[in-house]
Amino acid sequence: MAKILIIDDDPDMVLAARLCLENAGHEVYEAASSREGLSSIEQVRPDIIILDVMMDTTTSGFQLALTLRSPDPNSPYAEYANIPIIMLTAIHTTSPVKLSPDSDYLPVDAFIDKPIDPTALLKQIEEILAK
Amino acid sequence: MGRIKPSGDDKQALDDLELKSLRILFADDVYSGIKRIVRARWGAGILLVVVTAISVYLLNLPLRVLPLYLLGIIILLYNTAFALYIRRCASSQHMALKPLRRVILLQVALDWLCLSVFIHLTGGIASPGIPVLMIHMLMVTILLPYQTPYWFVIIGTLVLLLVTGLELFNVIPHIGVIPGFPLDLHRNTFYVLSVLTFFAATAFMSVYLTSSIMRRLRWRERQIIALFETSRAISSTLSLPEVMDRLAKSAADALNAQGALIRLLDETGDQLKMTASYGLSQSYLDKGPVSIAHSKLDVEALSGTAVLVDDAPADSRIQYPEQVKSEGIRSMLVAPIRGSSRVLGVLRVYANRPASFTNDDVVFLTAVAEQGAIALENALVHENLHDVNQERAQFVRLVTHELRAPVTSAQSLLRVLLQGVTGTLTNQQADILGRIDLRLNTLLELINDLLTLAATKTNFLAQELTRIPLQPVVLEVVEHMRHLAEEKHLSLTCDLPSEALPVLVAEDGLRRVLENLIGNAIKYTPEGGQVRVRVVEYGAQVATYVEDTGIGIPEEELQNLWNEFFRATNAKKTGITGTGLGLSIVKQVVEQFGGTVSAQNREGQGTVFRFTLPLA
């Protein structure tokens with residue numbers, strides 16, 4: 001089973017995800033901010049990161065993903081650049097901005113819409129682990 | 001205080017204006033002047049022949065008939081040549097000023113040659129035809145702008161002198177035409193001098209008066225055109241920077257000034273912020289802040305009257321005399337921009353010659369500044385509205401996010417329970433939790449619609465519109481929604497013209513419009529009914545119809561259909577949930593794309609929704 005880090009400032013959302021993932025036998029870690037998330041990544045070295053798109057600011061999730069996937073070879077996070085990222089988003093359906101996993105624009109592997117659907121979340125995790 | 005100079009001194013400015021104008025425009029003015037001179041010359045040639053005939057045959061005057069007839073015919077001949085030339089110019093649509101000037105010079109030279117011969121044939125210094133010289137001078141002064149008319153006074157006098165001289169030294173004979181007149185008047189020094197003196201003086205005065213009248217007329221004409229151009233330029237846009245730029249440029253152009261700038265009072269009322277400039281160097285514009293405390297000149301202007309500065313580098317009211325000097329500015333005119341309730345700022349124009357601006361300029365610039373004030377206030381109101389709208393949309397989005405976060409969290413937890421992650425639920429528990437989930441769904445839908453509505457007020461506008469064919473999007477949305485129709489056993493058909501109909505839209509917005517209209521049609525049409533989507537091109541528009549055999553809309557409620565949160569009474573009774581925002585989103589988006597929306601009930605049953613988009 002996998003080590004999964006959830007980075008989200010909403011404790012209820014974290015709880016819902018934790019319950020699903022632990023029920024499926026995964027090991028769950030949590031962080032409530034981008035900064036906390038970065039130090040957790042170094043400590044935990046997770047297999048998958050679940051990242052909320054909006055935390056304290058509307059783009060902090062994006063920025064964290066960009067930091068992790070920085071193309072700069074001297075980036076302090078270069079060794080974590082290959083950890084798969086699932087982005088939790090609520091703007092996927094309603095915003096006129098089209099979101100798609102795009103390595104230039106949004107360096108994430110998948111999107112999951114809020115509210116979290118347990119079945120869909122687990123299916124996504126399995127797909128990523130299978131790669 | 002600013003000295004306002006007597007308006008008689010404005011000749012230099014006018015000359016400058018004329019020189020500049022000569023270079024840049026008014027070729028057609030010169031052209032129409034030539035045309036009128038040609039027309040007048042027809043009259044002159046014919047008149048010469050006719051008057052000669054009358055004088056000889058009716059009055060028995062001892063005229064030299066043949067040379068006079070010949071002169072008339074020569075005039076008519078070269079006039080024909082010029083008339084043909086002008087017609088060719090007109091048809092070529094190309095009126096360059098340079099060849100026109102050459103044509104003018106040639107015409108005037110030929111005219112003077114003929115006039116010399118005419119004077120000689122009609123008696124030289126004793127000719128009763130001498131006033132004809134003056135008529136020609138005045139006509140050229142009036143009809144041909146930007147010529148130097150005083151030359152003609154000299155030429156006229158010289159022609160008289162020359163003819164008299166040639167006759168005096170018997171190079172050509174002296175011809176007496178008035179019976180009883182002494183035949184040796186050209187030998188009478190006193191007579192010759194007095195005729196020449198009176199002729200020169202009268203000609204000079206006439207030309208002077210005529211040309212100053214014409215100058216003033218043309219100056220006024222230019223001012224009116226400039227004022228008209230100014231008002232047209234600044235009322236054609238609501239963008240504040242553009243309004244200000246045009247204002248500065250047209251003020252400088254109209255006053256033949258080297259530069260112009262507009263400074264507006266900031267919020268504190270202490271500083272004058274540079275808002276627009278024209279024709280000034282960057283280093284001058286960067287010279288430093290202009291504050292009320294240090295710029296006496298602006299304080300004077302802000303008190304409500306225009307200020308003239310005749311010697312700018314030496315004027316104690318100037319805040320930056322060194323910079324003014326190095327920019328080459330020698331005189332200034334500063335007019336207040338007076339808004340409806342307060343003075344908004346100043347409009348300055350700069351000239352590189354001392355005492356360049358006049359009393360007329362003061363009046364003119366004040367008028368321009370007043371025009372500018374109106375445009376400025378309009379643009380400010382528009383900008384405020386735009387800001388308020390942006391802020392409101394931003395606020396709605398933030399609030400919506402805050403509203404949605406707890407709902408989605410609650411739903412996420414609910415689904416964890418409902419899907420048995422934490423253990424099996426009793427039927428009753430599952431039923432209750434299911435109901436809660438449904439209500440939260442409705443709430444989320446409402447919040448999402450609100451978010452979209454807020455987005456339509458900003459994002460779609462900010463998003464770049466692209467030119468795409470309409471039908472593929474329609475087809476895609478119809479196919480995307482087909483499963484909803486099939487669940488209700490509805491027939492969903494699509495009728496699209498084959499030729500591409502391009503529209504200028506944001507694709508997501510267009511998709512949202514179609515989803516809302518088709519979704520509604522499916523939602524409110526009972527099982528077994530029909531939903532039909534049609535696209536029809538008419539004129540420069542393309543109309544998309546979404547027709548259903550659904551429950552219809554009460555006639556009296558049709559007009560409220562597009563209001564936010566409005567739901568038709570019969571729709572509410574169906575028990576189908578809805579937010580009442582879908583159609584107002586449709587309207588907002590379609591109108592942002594330059595289209596229109598309408599709805600009406602069909603004969604029998606059902607509704608037709610129509611939206612149009614301009615073809616791109």
Within segment B:411-428, the residues that are assigned to a helix (DSSP H, G or I) and either within 9 Å of chain A (Cβ to nearest Cβ) or closer than 18 Å to residue A:23 by Cβ (or both) are B:411, B:412, B:413, B:414, B:415, B:416, B:417, B:418
Per the filter on segment B:291-333, residues over 16 Å from residue B:353 (Cβ atoms), free of Cβ contacts under 8 Å to residues at least 60 places away in the same chain and buried (at least 23 other Cβ atoms within 10 Å of the Cβ) are B:298, B:301, B:302
Worksheet item: Being of a type in the set (Phe, Trp, Tyr) and either surrounded by 16 or more Cβ atoms within 10 Å (Cβ to Cβ) or outside any helix (DSSP H, G or I) (or both), is that true of even one residue in segment B:449-460?
Response: yes
Only one of B:66, B:48 is buried (at least 17 other Cβ atoms within 10 Å of the Cβ), assigned by TED's automatic domain parsing to the domain that holds residue B:222 and not in a loop (DSSP other than H, G, I, E, B), namely B:48
Of those in segment A:11-46 that are within 13 Å of residue A:61 (Cα to Cα) and either in contact with a strand residue (DSSP E or B) (Cβ under 9 Å, 6 or more places away or on another chain) or within 14 Å of chain B (Cβ to nearest Cβ) (or both), the residue surrounded by the fewest Cβ atoms within 10 Å (Cβ to Cβ) is A:36
Expected single match for of a type in the set (Asp, Glu), surrounded by fewer than 19 Cβ atoms within 10 Å (Cβ to Cβ), within 21 Å of residue B:508 (Cβ to Cβ) and at pLDDT below 85 among A:56, A:72, A:104 is A:104
Taking segment B:166-198 and keeping only residues that are closer than 22 Å to residue B:68 by Cβ and either in contact with a Phe, Trp or Tyr (Cβ under 6 Å, 6 or more places away or on another chain) or outside any loop (DSSP other than H, G, I, E, B) (or both), one is left with B:166, B:167, B:185, B:186, B:195
Being out of contact with any Leu (no Cβ under 6 Å at 6 or more places or on another chain), facing chain A (nearest Cβ under 10 Å) and of a type outside the set (Val, Ile, Thr) narrows B:389, B:441, B:384 down to just B:441
Q. Just a yes or no: is a residue in segment B:336-348 in contact (Cβ under 8 Å) with a residue 60 or more places away in the chain, among the hydroxyl-bearing types (Ser, Thr, Tyr) and in the same structural domain as residue B:300 (by TED's automatic domain parsing)?
A. no
When segment B:559-600 is checked residue by residue, the ones that are buried (at least 16 other Cβ atoms within 10 Å of the Cβ), touching a residue at least 40 places away in the same chain (Cβ under 8 Å) and of a type in the set (A, V, I, L, M) are B:571, B:581, B:583, B:585, B:586, B:589, B:590, B:599
Quick count over segment B:220-243, residues being of a type in the set (Val, Ile, Thr), buried (at least 17 other Cβ atoms within 10 Å of the Cβ), out of contact with any strand residue (DSSP E or B) (no Cβ under 9 Å at 6 or more places or on another chain) and modelled with pLDDT of 75 or more, is 1
Can we say residue B:419 is farther than 27 Å from residue B:531 by Cα and either in contact with a helix residue (DSSP H, G or I) (Cβ under 9 Å, 6 or more places away or on another chain) or surrounded by 13 or more Cβ atoms within 10 Å (Cβ to Cβ) (or both)?
yes
Subset of segment B:164-206, residues small (Gly, Ala, Ser) and under 60 Å from the mean Cα position of the chain (by Cα), comes to B:165, B:194, B:200, B:201, B:203, B:206
For residue A:72, the lone unmet condition from (1) touching a residue at least 24 places away in the same chain (Cβ under 8 Å); (2) more than 14 Å from chain B (Cβ to nearest Cβ) is (1)
Discussion item. Suppose the filter is away from chain A (no Cβ under 11 Å), touching a Gly at 6+ places or on another chain (Cβ under 7 Å) and either surrounded by fewer than 19 Cβ atoms within 10 Å (Cβ to Cβ) or modelled with pLDDT of 90 or more (or both); does residue B:496 pass it?
Written reply: no
Looking at this structure, is residue B:408 touching a Lys or Arg at 6+ places or on another chain (Cβ under 6 Å), surrounded by 21 or more Cβ atoms within 10 Å (Cβ to Cβ) and within 14 Å of chain A (Cβ to nearest Cβ)? yes
Scanning segment B:513-555 residue by residue, those farther than 16 Å from residue B:605 by Cα and either among the hydroxyl-bearing types (Ser, Thr, Tyr) or part of a helix (DSSP H, G or I) (or both) turn out to be B:513, B:514, B:515, B:516, B:517, B:518, B:519, B:538, B:544
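The values are calculated or read from the model by the stated rules, or taken from the named source; none is laboratory data. Owing to the predicted nature of the structure, the values given are computational and were not obtained by experimental measurement. As a convention, Cβ positions derive from the backbone with ideal geometry for all residues, glycine included, and neighbour counts pool all protein chains shown.
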